[in-house]
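The values are calculated or read from the model by the stated rules, or taken from the named source; none is laboratory data. Keep in mind that this is a model prediction, so the values were computed, not measured. So basically every Cβ, Gly included, is an ideal-geometry build from the backbone, and we count neighbours across all protein chains shown.
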Amino acid sequence: MAAGPMKMRATLGQGFTDVRVLMNHPMETGQRKDADGKLVPMHFIQNLTVKVNGRLVVDAQISQAVSRNPVFSFRLKGGAKGDKIEVAWVDNQGESNSTEIAVA
Amino acid sequence: MRTAVLAATLVAATAYGQDAAKEIQRYREMVAEGSPAELFELEGETLWKKPQGPKNVSLEQCDLGKGPGVLKGAYAGLPRYFKDADRVMDLETRLLYCMTTLQGRTREEATKRVFGNADHPSEMESLSAYIAGQSRGMKMAPGVSHRKEKQSIELGSALYFHRVGAWDFSCATCHGDEGKRIRMQELPVLYKPEAARAVATSWPAYRVSTSSLVTLQWRMNDCFRQMRTPEPNFGSETTVALIHFITATGAGATYAGPGTKR
Amino acid sequence: MNRIRRALVAALAIGLVRPLAALAAWNKEAFGAKTAADALKNLGVPNAAPSGDLHIEAPQIAENGAVVPIEISSNIPGTTALIVVIEKNPFPLTARFDFKEGALPFVKVNVKMGETSDVRVIGEAGGKHFSASKEIKVTIGGCGG
């Protein structure tokens, strides 16, 4: 199954860069039943990273208790127009995705 | 003594009610700040440009009221009368029209799955999100001057108060008086402009409880289901008239893009 | 075997193989703990002192437990991590954010809550741990919306 789309917005604030990233992911807890009554297996993002110009700044471990189609907001120190922000994730089934944006 | 206790309880209940309403409003604002609705807009853009049907063309020449392919402000101008179809149409009805005329698809095929789910949104849902997003920042101004537009709004108004079905319900049964709610959901009185403006600018929306994108055609369908009436046809005169009545009553507010709902 | 192969293929395709080694390993024990106390024990977080400099911005009432927006931040100098624990969830540990040089100790995230519960944030700063807590009520919605 191909990983769903991701969308990121990075804007300069007062002394920090505001990063908002949305990602498509079912974040299945393993407790939901499908239309046939079968349990949908656990399928959720476990690791999420934020990099600025290639350097790791946020390293997150998350659980299935994060909402479906997760949305995160981070704040990076300082920042300048053109800085490259990359957000990547890996899930418990080995799938991954990433997106990159230049600060506006 | 009893009156005093009763009065105290009423005051406490009202105070709690007001605090609850304020906190729920805060919840809605915070959820809206981080809404996945934009992901559906991306998917909708892909579908808008995708050649489909026997004619193998995309929807890019579809006229949503501002001219073929003009998306900016189109959603804010709906529902409206369309000369080529000789009827008033809302967004979804118009999209269906373009699917059948431009792309040569059958109504049956195009409406096979109009309401999707969390795992798989429908075409209509993604397209609605995309097109609605193109009206961000614009004032809602559905068509109100053409003869058929006036008739549509009048029909919607009449239908709003018309009791039907096994329970003898009308829209007004739930949405007719101020201060009513179902559990924690306050029921807006939609024939009042202030409430209608808030509602008209909140659709389509990402619904967090189902992780799906919901549209006005879906809302009409679901309301009728909850009223225990037969299912209305997709894009029927009934559904369009009701949507038209609500959006016309709620005209003038600025649209902020697809909303977020519980 | 299939899963390992798929993971490698995916990792190779996205070029994530090298960075994966440098990332914090997903703490299976902590995330699998069924009580907040066990989760914090597994994370190696001893009793954290309450701090007014740890902030939880969240609505007091969530219309729906599937998406509860919370904004957490720390004014404690040198905060390097924020941990989110939802007391009444079946698996209380929800997330751990490690902030390196360049990131502020701030994150907004949408979480799932099974019922009304305390949401606790643990902040890690200079080897010490601090905590703050906020109760969020979860309602059963009506129809519509």
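Worth pointing out:
- Selection count where residues are more than 7 Å from chain C (Cβ to nearest Cβ) and charged (D, E, K, R), scope segment A:72-104: 6
- Filter result for the condition that a residue is without any contact (Cβ under 8 Å) to a residue 24 or more places away in the chain and polar (S, T, N, Q), over C:Asn64, C:Asn89, C:Asn75: C:Asn75
- Among the residues of segment C:114-128, none is identified as modelled with pLDDT under 95 and either under 14 Å from C:Ala30 (Cβ atoms) or surrounded by 24 or more Cβ atoms within 10 Å (Cβ to Cβ) (or both).
- Filter pass, B:Ala166 being more than 12 Å from every other protein chain (Cβ to nearest Cβ), assigned to a helix (DSSP H, G or I) and at negative phi: no
- Hits in segment B:180-234 (condition: among the hydroxyl-bearing types (Ser, Thr, Tyr) and either surrounded by fewer than 19 Cβ atoms within 10 Å (Cβ to Cβ) or in a loop (DSSP other than H, G, I, E, B) (or both)): B:Tyr191, B:Thr201, B:Ser202, B:Ser209, B:Thr210, B:Ser211, B:Thr215, B:Thr229
- Among the candidates C:Gly127, C:Gly44, C:Gly123, C:Gly52, residue that is away from chain A (no Cβ under 13 Å) and in contact with a Ser or Thr (Cβ under 6 Å, 6 or more places away or on another chain): C:Gly123
- Filtered by the rule that a residue be of a type in the set (S, T, N, Q) and within 12 Å of the chain's Cα centre (by Cα), segment C:90-129 gives C:Thr94, C:Asn110.
- For segment C:35-104, the strands (runs of 3 or more DSSP E) that sit wholly inside it and include 1 or more residues that are of a type in the set (Gly, Ala, Ser) and either out of contact with any Leu (no Cβ under 9 Å at 6 or more places or on another chain) or at pLDDT 95 or above (or both) are C:68-74, C:79-86, C:93-99.
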